[in-house]
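Scroll down for the structure; my scribbles are underneath it.
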Amino acid sequence: MTEETFVPKSNINFPFKTASDWMDFDRRHLWHPYSSALHPDPRYLVREADGIWLVLEDGSRIIDGMSSWWCAIHGHRHPAIVGAMQAQLERMPHVMFGGLTHEPAISLAQRLLSRLPSSLGHVFYCDSGSVAVEVAMKMAVQYQIASGENQRAHFAAIRRGYHGDTWKAMSVCDPDTGMHGFFGAALTPQFFLPAPPIAFGSAWSDDPKENGLGALEDLLRMHGKKIAALILEPVVQGAGGMRFYHPKFLQMAHALCKSHGVLLIFDEIATGFGRTGKWFAMEHCQVTPDILCLGKALTGGHISMAVTIASKAVAAGISAGEPGVFMHGPTFMANPLACSAAIASLDLLATGDWQAQVEAIEAQLTVELESARRLPGVEDVRVLGAIGVIELDRQVDMEKAHRLARKTGVYLRPFGRTVYAMPPFIIDPDALSQVSAAMLQLAKRV
Ligand SMILES: *Cc1c(COP(=O)(O)O)cnc(C)c1O
């Protein structure tokens, strides 16, 4: 280490005086998601978030068409959630969960389990979605080892899936749109099935060649004994391609997995809490997984938290085997502040009319995005619940799309070939029209 390392950076102009001071420091020193340190992508300085609105540094307001990566379902800074967090902050922002417990953790688990099929019975709190996926994969492996199936060290996944950015989660993301191409040999090889070919709302086919289940049958016949679990996002594939597929696929995949001793993990981190029009996307297929991951909208987008919920059979299996305990325990597990936000968010869902709101969003987006079908370069338009997607025949120019937010008044963050919106459920029809119009603008111009 050179002596220079210890010299304070007195050249940094602090305190910052203008917005451009802040932005300049940001560009020079802050890493943003999937961004370059040397050629930083464009950013907006947000001063405040309120309901559906992001208030920028100059006081202008733009609609958060993404619900801040699908989380802020009730809008930002919801008074009920903020109030619950403030009260919790006064009492106990945090205590460790090893050997201690608290009402927020217990109340939240009680609320979650009351919404889920009774076979799901054991709640494990995590800090983020990716960790919830790591935990689910670890549970599956530990269950298999406890059942004497030590050779089941791999996973099956479907193409176009997305499960997070940590190592094991990355290994089950789509090998093309995900990060396999880059990390290659550093990732655990897994077994990939084609993305379920029959779309949500299309006619089902019993032909295994057409419905995608032939590939699963073949895989399980050839490699089933090496596979601990099949992991997938039920019905809606999110960040891997924004695809909606036929729920019947899940019913048949469930039966096939069961007959081969392969567990089923549902990653509902993006789909949970009403986004697809049901509390959980698995209600579209009436299949209960062995392990369920929830995250994103769990706290209504107010603070990071996720959860992995195991079936009673998986939990009992893990606990009956060696070493008799589940081997995971995050430092900030069951953070009371996050639990209090999640409880308030779930209570808003339980008492509010989110179902009518999501239905209205679905109906309005369906009508308003229809004209996108006639635009050149548009391959598909699809809407499910409070999700609207325009798929293009080309990669989106992200920087151009970013710049358009000020013009359209709507913050959208398209990726790959898709322009999409996931508005907060509380959005009113006029604001939603603005979101649709912004999506059409992007489809024309990026
Ligand atoms: C966002 C997401 C994750 C990862 O969650 P993080 O909180 O970003 O770690 C995992 N799975 C799905 C389906 C997601 O949408």
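The values are calculated or read from the model by the stated rules, or taken from the named source; none is laboratory data. These numbers come from a predicted model, not from an experiment. Cβ coordinates were reconstructed from backbone atoms using ideal geometry, including for glycine residues, and neighbour counts include every protein chain displayed. The accessibility values were calculated without ligands, DNA or RNA, using every heavy atom of the protein model including side chains. Shrake-Rupley method; radii C 1.70, N 1.55, O 1.52, S 1.80 Å.
Details
- In the range 248-276, residue surrounded by the most Cβ atoms within 10 Å (Cβ to Cβ) [restricted to those that are among the small types (Gly, Ala, Ser) and over 16 Å from the mean Cα position of the chain (by Cα)]: 253
- Residue check for residue 229: touching a Gly at 6+ places or on another chain (Cβ under 6 Å) and surrounded by 24 or more Cβ atoms within 10 Å (Cβ to Cβ): no
- Residue within the range 183-192 that is in contact (Cβ under 8 Å) with a residue 40 or more places away in the chain and either within 16 Å of the ligand (Cβ to nearest atom) or outside the structural domain of residue 415 (by TED's automatic domain parsing) (or both) present: no
- Helices (runs of 4 or more DSSP H) wholly inside the range 18-91 containing at least 3 residues that are within 16 Å of the ligand (Cβ to nearest atom) and not assigned by TED's automatic domain parsing to the domain that holds residue 389: 67-70
- Condition check for residue 7: modelled with pLDDT under 95, β-branched (Val, Ile, Thr), open to solvent by less than 100 Å² (accessible area, probe 1.4 Å) and outside the structural domain of residue 412 (by TED's automatic domain parsing): yes
- Subset of the range 126-155 [within 16 Å of the ligand (Cβ to nearest atom) and touching a helix residue (DSSP H, G or I) at 6+ places or on another chain (Cβ under 7 Å)]: 126, 129, 130, 133, 134, 137, 139, 155
- Test: residue in the range 272-283 that is among the hydroxyl-bearing types (Ser, Thr, Tyr) and under 17 Å from residue 194 (Cβ atoms): no
- The set of residues from the range 135-165 being open to solvent by less than 50 Å² (accessible area, probe 1.4 Å) and under 14 Å from the mean Cα position of the chain (by Cα) comprises 161, 163, 164.
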